[in-house]
Each structure stands twice: as C-alpha cells, then as structure tokens.
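Here the structure is laid out as structure tokens; the discussion comes afterwards.
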Amino acid sequence: MTRIARLAALLAPLGLAACASGPGPKLDCPQVAMLQQADRLVRVAGAADDVAARIVDAWVTGVAGKCAPHGDAGERVVFRIGFAATRGVAARQNRFTLPYFVAITEGDRIIAKQVYPVRFDFRHGATQAVATTKPIRLDFPRAPRSAAQQVLVGFQLTPAERAAARAERAMTIAAPEVMAHHAGADYLDCLRRLHRALAPRRYLEIGVWRGESLALAEAESLAIDPDFQLDRDVLAGKPACHLYSCGSDDFFARHDPLAILGGPVDLAFLDGMHRFEFLLRDFINTSMSATAAA
Ligand SMILES: C[S@@+](CC[C@H](N)C(=O)[O-])C[C@H]1O[C@@H](n2cnc3c(N)ncnc32)[C@H](O)[C@@H]1O
C-alpha cells in the first residue's frame, strides 16, 4: 500500500457535501476530508507524552462550506476550517502560529498542496482558543474528473510530531486491552483500604486527573497535577486540601511539602507521569518529606 493510500484509509468525512442539488448544472465537487493522522498538533518542550512539557495542543474541529458552479465549465469549492487549542503549562507565550495544509489528491498522488498559518491568541490568561480560517476557494473543471479526487486538510506535522501522534494513537488502542487482561484488585479499592487501615494524617498525591483517587482521602491533602480535570468534590471530608497546578518536578523544585502540610507525609499515591525516570524522581522527592513508615 502506498503512503497516500494508507493515509486515505483514515480519512474523517467532514461537513462539506460532495454534490449540490437543486436547479442548475449537476455538480460533482470533490469531497473535503480531514486526514485523521494530521487532525491534532501537540508542541512539547521535552518528552512528547509529558503533560508538564506541553506548550500547545491544537486540533481540527470541523470544515464547513459549499460547492457552486463557477464560470461556464467549472465548479468552485469554498470552505472554512475550524480549529481549537489549549495552551500548555510549558507555554511561554500567548500567541501561536501553527501550520496547516490543504491538498488536492487523486488516489495516492498529491496534485497540489499549500501550507497556511493558523493563529491562536490566548488572551488575558485564557487557556483555550479557537480559530477559523478565511474562506478557502478551490476551482475545478467540471466533470469528467476522477472520482478519486479529493481535498484533504490537516496540520502540517514535523516527522517527530507525526511519530509522537502515531505512538499516542497506538497507546490509546492498546489501553482497553491491557485493562481487560488485568485480573488483580482494583487500584482504587486498594487505595480505599489503605486509607482505612492507615488513617493517615497527611496525604500526598501526584497525578489527580478527575479526582477519583484524591476523593478517597480524608487526611489533609496535597495534590499536584499540571492539568487538573476535576469532575467531583475532592474537598469533602478533608480538613484541608492544597492543589498545585504544575508538573511534579516543578513542584518539588519550588515548594516544600513539609511546610505546606505542617509535617511529614504518611501516605502518598504517585500516579503522575507513568514513566520510570519520572516516577523515580517523584519517589525520591516524596520520600524526603515522608515518615519512615510511609
Ligand atoms: C492516570 S491520571 C491520574 C489518575 C488519578 N490518580 C486517579 O486514579 O483518579 C494521570 C495524571 O497525571 C498527570 N500528570 C502527567 N504528567 C505529570 C507530571 N509530570 N507531574 C504531575 N502530574 C502529571 C496528568 O495530567 C493526569 O491527570
């Protein structure tokens, strides 16, 4: 299978009809589709899967447009592309210009391709931004034209960004299978029992996400995550809960858990960046502020 043919197998259809109906000549504009491997662009300052190193995360939200007769024997496709982006914790600027492409392909051949900039403006501390392109006009001679012709849009990724996107997609596909074969006790159940058995006075958690594990603690808690997605009450039952929105390395470089909690940690759950070197650093840093029994 050639490269474009392989890419074409992963096209996401978008909201631009290939054919218009109604009075007038029968139209047969090429379909506009998003290339799924290029629907997201993540810029990082470090490891591709480290949320704390994320600069910007942008994705294509959709395409809208129309197809109309153009001149005596032509058709014109006019469409806009919508984008959204979140500003990462490692971002040092508020404005980003990212490249996207529009290509006309026929089977595995790229007939024409143009790269354009899309700008995201994260003003006044905003963490999210949207952008819509100006109308993009493409003119085609009226059929007969190959039915295999289509218009593809997506982000213009570097080879490293493409490789990172491929790796993330592979992990997303593999994860449910790993869970299905995991026959041990549920980790939240274990954690709940540990809280009950040890009744810790001070709890530290790295990696909180929606707050499921943090909600189990009834101790004074210190929780760290560069990208909190809390969807529940994590304060209930706790005398105090200190949330730090940053990566754990950053946290330990700037703060002292002993000073925040007023004493050593009795129980910790290290569930942030799931890579050996990160976890080792989290373990070493946490143990410096923990009781010997922790
Ligand atoms: C598996 S989720 C945590 C789930 C949570 N402990 C639970 O069981 O409900 C991992 C979390 O780690 C966070 N994370 C990723 N890199 C991190 C880092 N360098 N330091 C701290 N947290 C990080 C992510 O933002 C994500 O929310």
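Given the options M171, M273, M34, which has the most mean-square fluctuation in a GNM of the chain, springs set between C-alpha atoms less than 10 angstrom apart? Of M171, M273, M34, the Gaussian network model singles out M171 as fluctuating most. Between G272, G207, G65, the GNM of the chain built on Cα springs shorter than 10 angstrom shows G65 fluctuating the most.
Taking every alpha-carbon pair under 8 Å whose residues sit at least 6 apart, segment 187-287 reaches a relative contact order of 28 percent. Gyration tensor over the Cα atoms of segment 56-168: the corresponding equivalent ellipsoid has semi-axes (square roots of 5 times the eigenvalues, largest first) of 32, 18, 9 Å.
Taking every Cα-Cα distance in the chain and sorting them into 10 Å bins from zero, the calculated P(r) comes out as 6, 22, 24, 19, 14, 9, 5, 1, 0 percent.
Student exercise: in the chain, how many lysine pairs 8 or more apart or on different chains have Cα atoms under 28 Å apart?
The number of close lysine pairs in the chain is 6.
Label-to-label distance, R76 versus Y187, with points set 7 angstrom from Cα along the beta-carbon direction: 5.6 nm. Result for the chain in a Gaussian network model with C-alpha springs under 10 Å: among A131, A47, A33, the largest mean-square fluctuation is at A47.
Take every DSSP beta bridge whose two residues both sit in the chain; close to 75 percent of them are antiparallel. Other residues lying with their Cβ under 11 Å from the Cβ of A91 contribute a combined charge of +4, Lys and Arg counting +1, Asp and Glu -1.
Counting 0.36 nm for each residue step from D233 to A47 and taking away their Cα separation leaves a gain of 63.8 nm. For segment 204-220, the Karplus equation 6.51 cos²θ - 1.76 cosθ + 1.60, evaluated at θ = phi - 60°, returns couplings of 10, 10, 10, x, 10, 6, 8, x, 4, 6, 5, 4, 6, 7, 10, 7, 4 Hz by residue, with Gly and Pro reported as x. Once backbone amide H atoms are built at 1.01 Å from N, M34 has A12, L14, V153 as its partners under 5 Å, excluding neighbours fewer than 5 places away on the same chain.
What FRET efficiency would be calculated for the residue pair T127, D256, taking the C-beta separation as r and a Förster radius of 25 Å, to the nearest 0.05? FRET efficiency, T127 to D256: 0.35.
The Cα atoms of segment 187-287 define a convex hull whose projected area, averaged across directions, is 5.9 nm².
Read-outs: derived from the displayed coordinates by stated rules, not from any lab. Note that the structure is a prediction, hence the values are computed from the model and not measured. Using ideal geometry, Cβ is built from the backbone for each residue, glycine included, and neighbour counts are taken over all protein chains shown.
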